[in-house]
Amino acid sequence: MQSWNIKQHLDTLFAIRDQLGPVYGSEDLCMLLYSMVRREQPQVVVELGTGLGATTAWVASALKEIGTGRIYTFDNGSHFQDASVKAFLSQLGGELHEFARLSQTGSYEACMDWIFQRVDVADRVQLVKGDIGFDARAAEAVAQGKKIDLLFSDFNHAPKTIIQLLAGYLPYVNTTSAIYIDSAPTHLPSYWMLENLVQMLNAKRIPAAWRHELGAEQLAALRDLVDQCRFQLVHLVEKTPRSQNSTAWIRIAPDDIFPAGATHLRFQ
C-alpha cells in the first residue's frame, strides 16, 4: 500500500489555495498554518469558519504528513448559497473544474467533501455543519474530550465576539497551544481589546465578564490555565492593502524558564 505523499496532490492544493483562498483572504494564512501544524504537531485542531475549505485542506495535509491529529471544522454553509459566490465558483477551472460543476447543484457538505477527498485528507477532517457558537463543549464532544491544541477563528473579529470566543474556548485548550483570530489586528477596537486582555491574563487576572458568565467547572479550568501559563500576543499583518490582511496569534505556554517542549537544550 502506497503511503500518502503531498507531492501527489500539490497541483490540487495550489489550485485550492490560489483559486479559493482569495475569496476569504486565506491564500497566505493557509500556508502559515500548514507550516505551524507541521512544526508543532497538534492532535486537535478546531477551525471556526470552514469557508470554502482552503485552510482546512492545507491544515489536514499537514496532519496527514505527520501522521497524527485531526481538524474539526465548523460552518453553517450559509455563504455557499450566495448568488455571487455561486457565480464565482462556476468559473473555476483546471484542477477545480469538477468542483465548479458540483458547486452549482451539490450541497455545501458534498462540495467540501469533494475537496477533502480530492487531496485524500478526508480521514483527517471532521466537518460539523451548523451555526458557530461560543460553547467549546461542541468541539470537545466531537474531539471526544481531548484538549484543543490549535484554534483558528475565521468568522467574526469584533471585540464582543472575541471576548465570547476566548471565554468559551480557553477552558478547553492545552497548556501548550495556539489561537489564531483572523483580521483582528487591523480592526482597531479588536487590536486594543486583545492587547489589554493578554496583559490581564499575564497578570493572572480574569475579566469580570468571564467570572460572572462561566460555570463553576469552566471557570476552574480557566483559572488553572491562567495560573500555569503565560500568553504571548503577536499581530501578523500583511503588506497587502485589503480588509482581510491580518491575524492575531495568541501563543499559550507553561510558565517556565525554558520553551515549552524544548529538547536538546544548549547551556553553552
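Scan Leu63, Leu89 and give me the residue that is touching a Gly at 6+ places or on another chain (Cβ under 6 Å), surrounded by 14 or more Cβ atoms within 10 Å (Cβ to Cβ) and farther than 23 Å from Phe134 by Cα.
Leu63
State which residue pairs qualify: first residue more than 23 Å from Leu150 (Cα to Cα) and inside region 251-268, second residue aromatic (Phe, Trp, Tyr) and assigned to a loop (DSSP other than H, G, I, E, B) in any location, beta carbons under 9 Å apart, and separation of 6 or more residues or different chains.
Correct list of pairs: Leu265/Phe258.
In region 20-36, what count of residues is obtained for those that are without any contact (Cβ under 8 Å) to a residue 60 or more places away in the chain and in a helix (DSSP H, G or I)?
6
Return yes or no: is Glu27 closer than 27 Å to Leu151 by Cβ, at pLDDT below 95 and surrounded by fewer than 24 Cβ atoms within 10 Å (Cβ to Cβ)?
yes
Just checking, which of Thr56, Thr73, Thr12, Thr50 is part of a strand (DSSP E or B), among the hydroxyl-bearing types (Ser, Thr, Tyr) and touching a Leu at 6+ places or on another chain (Cβ under 9 Å)?
It is Thr73.
Hey, among Ala141, Ala136, Ala110, which residue is farther than 16 Å from Thr56 by Cβ and exposed (fewer than 13 other Cβ atoms within 10 Å of the Cβ)?
Ala141
Here are some conditions: (1) over 26 Å from Gly261 (Cβ atoms); (2) in contact (Cβ under 8 Å) with a residue 40 or more places away in the chain. Trp114 meets all but one. Which one does it not meet?
(2)
The values are calculated or read from the model by the stated rules, or taken from the named source; none is laboratory data. Nothing here was measured: the structure is a model prediction, and the numbers come from that model. For neighbour counting, all protein chains shown are included, and Cβ atoms are generated from backbone atoms with ideal geometry for every residue, glycine included.
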